[in-house]
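Undergrad: Let me begin by handing over the structure; questions about it come next.
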Amino acid sequence: MSHSIVEFQTTPNPNALKCILDRPLAPASIASSERPALRSFRSAGEAASDPLARALLGVAGLTSVLIADGWITINKSPAAAWPSIKKEVQRVLAGAAG
């Protein structure tokens with residue numbers, strides 16, 4: 001099941017956005033004995049066993065992701081531009097199996 005972002009919400013951190021999803025992530029993609037309900041990754045290496053996080057961290061300019069049920073917070077490097085990151089995050093989520 002693919003997901004799309006209903007809204008990008010700003011945060012107090014100018015290099016972070018909260019992505020509100022159109023529906024909750026599938027339970028199997030959120031929590032398991034190996035994956036807690038709230039998952040945080042700061043590198044693609046850390047996200048090796050999490051396909052969604054790994055795909056998101058493949059977006060140029062993203063430095064970390066926090067994944068929860070129904071929302072994802074993305075953080076970018078200060079030099080990266082939000083427009084291209086938002087477009088790529090939308091693309092990743094549209095193709096994400098949930």
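The values are calculated or read from the model by the stated rules, or taken from the named source; none is laboratory data. All values derive from a computational prediction rather than experimental measurement. Positions of Cβ are generated from backbone atoms using ideal geometry, with glycine treated the same way; all protein chains shown enter the neighbour counts. Side chains are part of the model used for accessible areas, which takes the heavy atoms of the whole protein and leaves out ligands, DNA and RNA. Shrake-Rupley method; radii C 1.70, N 1.55, O 1.52, S 1.80 Å.
Undergrad: At what distance in nm do the modelled label points of ALA79 and ALA44 sit from each other, each positioned 7 Å from its Cα along Cα→Cβ?
TA: Placing both labels 7 Å along Cα→Cβ, they lie 1.8 nm apart.
Undergrad: Suppose all protein chains stay in the model; what accessible area per residue would a 1.4 Å probe give for the stretch 52-98, in Å²? The partial results should precede the final answer.
TA: Values: 2090 Å² over 47 residues.
That works out to 44 Å² for each residue.
Undergrad: Moving on to the next point. Each residue of the stretch 65-70 in turn: what ³J(HN,Hα) in whole Hz from Karplus with 6.51, -1.76, 1.60 and θ = phi - 60°, glycine and Pro shown as x?
TA: Listing the rounded values in order: 9, 10, 10, 9, 7, x Hz.
Undergrad: Using the Karplus equation 6.51 cos²θ - 1.76 cosθ + 1.60 (θ = phi - 60°), what ³J(HN,Hα) coupling, rounded to whole Hz, does each residue of the stretch 39-50 give in order, writing x for Gly and Pro?
TA: For the stretch 39-50, the Karplus-derived couplings read 10, 10, 9, 10, 7, 5, x, 5, 8, 3, 9, 10 Hz, x marking Gly and Pro.
Undergrad: Still on this structure, I have one more. In terms of Cα to Cα distance under 16 Å, which aspartates and glutamates are near enough to LYS18, apart from those fewer than 8 places away along the same chain?
TA: GLU7, ASP69, GLU88
Undergrad: Separate question: Collect residues whose amide H, placed 1.01 Å from N in the peptide plane, falls under 5 Å from the amide H of LEU21; neighbours closer than 5 in sequence don't count.
TA: The list, which skips near neighbours in sequence, is VAL6, TRP71, ILE72.
Undergrad: A further question on this structure: What ranking, highest mean first, results for peptides 65-72, 12-19 when packing means the other Cβ atoms within 10 Å averaged over each residue? Walk me through the numbers before you get to the answer.
TA: Numbers: 65-72: 19.0, 12-19: 14.6.
With the highest mean Cβ count within 10 Å placed first, the list reads 65-72, 12-19.
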